[in-house]
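Student: Pasting a structure here, questions to come.
The values are calculated or read from the model by the stated rules, or taken from the named source; none is laboratory data. Keep in mind that what you see is a predicted model, and the values were worked out from it rather than measured. Here the Cβ positions follow ideal geometry from the backbone for every residue, glycine too, while neighbour counts run over all protein chains shown. Protein only, heavy atoms only, side chains kept; ligands, DNA and RNA dropped before computing areas. Shrake-Rupley method; radii C 1.70, N 1.55, O 1.52, S 1.80 Å.
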Amino acid sequence: MAQKVLHRLFHTRSCLFVVLHIALQAAVYGEYTWEVFGYCWELEIPMPLLLLPFLLLPVNVGFFMLCSRADPGTITKSNHPSLVKIYAYDAVLFQKGIVCPTCNMEKPARSKHCGLCNICVHRFDHHCVWVNNCIGAFNTKYFFLYLFTLTAMAASIALITVAFFIQVVLLSNVMHASYIDDQGQEQSVEILFLIQTNMIVFMLGFVILLTLVLGAYCCFNLYLALTNQTSNEWYKSRRFGCSHHLPSQPGDRPVIYKNIYSNGIWMNLKEIFKPPTILGKKKRT
């Protein structure tokens, strides 16, 4: 039973994670709006800072929709002759003449068949369950901007909430106050009481953790963009970068991976936001 559930979640295309994504985002924004925003208004925290999460939200939703609905770079019979000429085969990660058994076409360099979407994707990066789509040559830019704005949203909410706690808890007399418990006894306010009775604390912990995780992943994707690698290529290259293959015969050379697709930082970034076509592709030497 558990195996079937895991297979359903991670090995079939589903909107479940998209719904979960929306629910978590709604919960965080609901808590921020009803609990944090009003108090921060009274504490006279600068309005542009308070409105920043709301300004980032429609931008993030826009990039989410583009990333989710855009064609990642589906390889078809009609566009295959053009796509196969864009990138050279490096003879290590991508070998010429390999045919996809499902699509029955020769795999262009940097492409991969996605088992969830059942398509071959040009410059395949990974399949993202959160947007329910593959990330490939034609929507990587949307994914990068979606990830960046999502990180900025989490960071701004965390920053504002931390400022709220500094104002309310540390700079006020709330820790010296008291409350009436269920038995009608007067009790002093303690940190444990604040944590147990205030959902803002849980939201703050969640958004701080989310900011750290998203920030690290955002930096990783920036590194990939600057070096013109995909997640798929980075993962596969670890086998050759960490330990070179020993020659099978005395005269054979060890297999050493070298990224032949990097053309410098500026051109690598340009390739993300303007994927090359056969007409605009520069000849590689």
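Student: Accessible area per residue for the range 51-109 in Å², computed with a 1.4 Å probe and the full protein assembly in place, what is it?
Tutor: Result: 53 Å² of accessible area for each residue.
Student: What length, rounded to one decimal in nm, is gained on full extension from Val19 through to Leu43, with 0.36 nm per residue of separation minus their alpha-carbon distance?
Tutor: 5.2 nm
Student: Can you give me the solvent accessible area of Arg238 with a 1.4 Å probe, rounded to the nearest 10 Å²?
Tutor: Accessible surface of Arg238 is approximately 90 Å².
Student: Something else about it: If packing is taken as the mean number of other Cβ atoms within 10 Å per residue, what is the order of 136-144, 52-60, highest first?
Tutor: By packing density, highest mean first, the sequence is 136-144, 52-60.
Student: What is the local net charge at Val99, summed over the other residues whose Cβ is closer than 9 Å to its Cβ (Lys, Arg +1; Asp, Glu -1)?
Tutor: 0
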